[in-house]
Amino acid sequence: MTPLLELDHVAADIGQFHILHDISLQVPEGGVTVLLGRNGAGKTSTLRTLMGFLATRSGEIRFAGRQIEDLPTHHRAKLGIAYVPEDGNIFAPLSVADNLRLSMPAQKPRTSDAQGVLERTLAVFPDLRAAWTRPAGTLSGGQRQMLAMACALVQEPACLVVDEPSKGLSPLFVERLGEVFEDLRGATTILLVEQNFYLASRVGQTFVLIDDGETVAAGSMADLVQSDELKARYLGVQVTAKGENP
C-alpha cells in the first residue's frame, strides 16, 4: 500500500531535552498502523511532533507527498489529519449533539451534507445516539472516548491519529473499541498508539516499534505477533493470552 503519511528520521525536543532522536515510519493509505513501545519511549511525543505541537529539530514529515513539518498545526488539520489525544478532546458541559456539531468543518463536508456525515458517524457509535442530549461530562469513560473519536470523524479526515484510546477502559469497552476500529479499517487511514497488545494486534495491519525516541522495528502486525523476541525486548512481556498488556 502507498504511504499516506511518512516520518523520515525525525528528531524533536521539549525544552532542553532531546525527546525524539530518529523516528521513521510509514502509514499506508487506508490501513491501520499501530505505534508501540514501552512507557516513555516517545510514542505520544511522536504524535505531538506529527501534529506540530512539538517542532522538529531535524527530519521530514510528509503527508500525501507534501512536506508539512514547517506548517502550523491548524494547517495540518486542514490537510485532513484529525488528532484524538490521550485524554480526549470534548466539551464536558455541552451535549453530545453540540460536541459533534461544533466539531464539523465550517464549510460543507467534502462528500455529503452535514446530516449525512452525522448519520454515518452515529452508525459507528450507536451509544452516542442514545446519549444525544446528555452533557458529555456525564458519559462513562468509554463513551467519552467514543465521543472524542466521533468528533474527529465528523471532520471526514484522510488520516485519523489516536493516542491510547483504551487507557483506563473496561474490557467491555476495549472490545467495543476493537469493533469500531475494524469498522473504520479501509474507510480511513489510521495511526494508533495503543498499550493494550490484544487490541493493537486485533486491529493493526502494520506496526512500528520505538524505544528511547528511535524507531527500532517495523513491519506487518502478523510478524510482530509471532516474534516473542521483539515483544519481550521492547514491550516487556510475552503476550500469549487475550487481553494481556505490555
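Shown for the chain is the translational diffusion coefficient from the Stokes-Einstein equation, using the Kirkwood radius over Cα pairs, a temperature of 4 °C and a viscosity of 1.567 mPa s: 71 µm²/s. Which shape class, rounded, prolate or oblate, goes with segment 1-134 when its Cα gyration tensor gives a ≥ b ≥ c as root eigenvalues, a/c under 1.5 marks rounded, and past that a/b bigger than b/c marks prolate? The shape class here is prolate. Across the options A218, I81, V203, the greatest Cα extent toward the positive end of the charge dipole of the chain (unit charges at beta carbon of Lys, Arg, Asp, Glu) belongs to I81.
Classified by the C-alpha gyration tensor, segment 50-126 has a prolate form. Its axis ratio a/c, with a ≥ b ≥ c, is 1.5 or above, and a/b is larger than b/c. Rounded to 0.05, the FRET efficiency of the D98 and D22 pair, given R0 = 51 Å and the Cβ-Cβ distance, is 0.75. In a simple Cβ point-charge model (Lys, Arg +1; Asp, Glu -1; nothing else charged), the chain has a dipole of about 680 debye relative to its Cα centre. Per-residue 3J(HN,Hα) values for segment 211-226, derived from phi via the Karplus relation 6.51 cos²θ - 1.76 cosθ + 1.60 with θ = phi - 60°, read 8, 6, x, 9, 6, 10, 6, 7, x, 7, 4, 4, 5, 5, 4, 7 Hz in sequence order (x marks Gly and Pro).
Karplus-derived 3J(HN,Hα) values for segment 24-36, using 6.51 cos²θ - 1.76 cosθ + 1.60 with θ = phi - 60°, are 10, 7, 10, 10, x, 5, x, x, 10, 10, 10, 9, 10 Hz; glycine and proline are entered as x. Taking other residues whose beta carbon is less than 13 angstrom from the beta carbon of G141, and scoring Lys, Arg as +1 and Asp, Glu as -1, yields -1. For the chain, lysine pairs with C-alpha atoms less than 29 angstrom apart, excluding pairs fewer than eight positions apart on the same chain, total 9. Simple point charges give the picture: +1 on the Cβ of Lys and Arg, -1 on the Cβ of Asp and Glu, and for segment 82-177 a dipole about the Cα centre of about 240 debye.
Reported to the nearest whole Å, the Cα centre-to-centre distance from segment 88-157 to segment 186-211 is 23.
What is segment 116-190 by shape, rounded, prolate or oblate, if you read a ≥ b ≥ c off the alpha carbon gyration tensor as root eigenvalues and call it rounded for a/c under 1.5, prolate for a/b larger than b/c, and oblate otherwise?
On the way: a/c = 1.67, a/b = 1.14, b/c = 1.46.
Cα axes put segment 116-190 in the oblate bin.
Close amide H pairs (under 5 Å, H built 1.01 Å from N) link D211 with V216, residues at least 5 positions away or on another chain.
Laboratory data are not the source of any read-out in this text; all were calculated from the coordinates shown. If you're wondering where the values come from, they're calculated on a predicted model, not measured in any experiment. Every residue, glycine among them, receives a Cβ derived from its backbone with ideal geometry; neighbour counts consider all protein chains shown.
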